[in-house]
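Reading through the C-alpha cells given below for one structure.
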Amino acid sequence: MTTQREIAERLGLPVHPPKTEVFDLAAGTNTDPKGHVRTVSRFRREPFGLYLARPLPGQPKIAALESWLLPSLGLRVTRWYWRPGHERDLDFYLDVVDIESSDTQWRTVDHYLDLEVRQDRDVELLDVDEFVLAVQSGLLEPDTAERAMRRACAALEGITRCGYDLPKWLRSNDIELSWTGEPAQDPVPGPRSLPPTE
C-alpha cells in the first residue's frame, strides 16, 4: 500500500502528509509526528477532552506547552511558553484535528488548517495553501477535507462572534478550559505564541 508520504514525494509536493501524534496516558508520553517519544509532565481527563503539559527539551525557541484535545470540536488548543527573546504576540494556537481516544491512549491526526487567536483582538486562519495542496494531491480524502474545513470555519466564525474571546466561545460549547501556567519544570513565563515552522 502506498503511504501518504510516498504520494507527496512522488508528486514533488511541498506539503507533508497529515501529522499524527499519540498521547499514552499509561506510559506518560507523547509520540510526536517524527516518532520521537517525549515525557509528559501532566495528563488530565475531563468529560470534554484531555489536558497535557510537557517541556520541550532541546527546542531553542519554545520551553514548554500546555494543550487541550477537544474531540467534539476537532481541535487541539495550545498555549506556548517561549524562551526569552523568542516571544510572539499570540495567546492560543488551534490545530484542526481528528481525535481518537481510549482509556489509555489518545491519537490526533492533523488536517493542516490552524488558527491563531489573539485574545479579544483577532483570529486568523492559517495554512489554507497547504490544505488545498493536500486535497489536490489526495493526502486528504474529500470527506475528511470537508470535515476539517467545517471545523475551521465554525471555530473562526464562533470566536469572531464572541469578540475574539476564545474561552467565551468554548463555554458556549460547554467547554471550560483551565491552565496551570506551570506546564513543566522551570517554565518560561510570558506571552504565548505560534510554534516555529519545521
Legend entry - Residue in segment 70-84 that is most open to solvent (accessible area, probe 1.4 Å), counting only those that are on the phi < 0 side of the Ramachandran plot and in contact with a helix residue (DSSP H, G or I) (Cβ under 9 Å, 6 or more places away or on another chain): Leu73
Inset, instruction - Examine segment 85-104 for a residue that is touching a Phe, Trp or Tyr at 6+ places or on another chain (Cβ under 6 Å) and not small (Gly, Ala, Ser), and state whether such a residue exists. - result: no
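For segment 128-160, which positions are more than 21 Å from Leu70 (Cβ to Cβ) and either more than 16 Å from the chain's Cα centre (by Cα) or of a type in the set (A, V, I, L, M, F, W, C) (or both)? Give the steps one after another, and end with the answer.
Within segment 128-160, the subset more than 21 Å from Leu70 (Cβ to Cβ) is 128-130, 132-139, 141-142.
Listed by number, the residues that qualify are Val128, Asp129, Val132, Leu133, Ala134, Val135, Gln136, Ser137, Gly138, Leu139, Glu141, Pro142.
Taking the stated definitions as given, is Arg44 over 24 Å from His16 (Cα atoms) and outside any loop (DSSP other than H, G, I, E, B)?
On the way: over 24 Å from His16 (Cα atoms): yes; outside any loop (DSSP other than H, G, I, E, B): yes.
Against the criterion (over 24 Å from His16 (Cα atoms) and outside any loop (DSSP other than H, G, I, E, B)), Arg44 qualifies.
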Legend entry - Test result for Arg107, under 20 Å from Phe23 (Cβ atoms) and touching a Gly at 6+ places or on another chain (Cβ under 9 Å): no
Inset, instruction - Report yes if Ser67 is open to solvent by 40 Å² or more (accessible area, probe 1.4 Å) and closer than 24 Å to Arg42 by Cα, otherwise no. - result: no
Legend entry - strands (runs of 3 or more DSSP E) completely within segment 85-167 that count 1 or more residues being open to solvent by 50 Å² or more (accessible area, probe 1.4 Å) and farther than 29 Å from Arg45 by Cβ: 122-126
Legend entry - Inter-residue pairs, beta-carbon under 7 Å, first farther than 22 Å from Ile159 by Cβ and in segment 121-146, second assigned to a helix (DSSP H, G or I) and of a type outside the set (A, V, I, L, M), 6+ apart: Leu139/Gln4
Inset, instruction - Only residues that are without any contact (Cβ under 8 Å) to a residue 12 or more places away in the chain and of a type outside the set (Lys, Arg): list them for segment 154-166, please. - result: Glu157, Cys162
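The values are calculated or read from the model by the stated rules, or taken from the named source; none is laboratory data. Just so we're clear, the structure is a prediction, and the values are computed from it rather than from any experiment. All Cβ positions, glycine included, derive from the backbone under ideal geometry; neighbour counts span all protein chains shown. These accessible areas exclude ligands, DNA and RNA; they are computed on the full protein's heavy atoms, side chains included. Shrake-Rupley method; radii C 1.70, N 1.55, O 1.52, S 1.80 Å.
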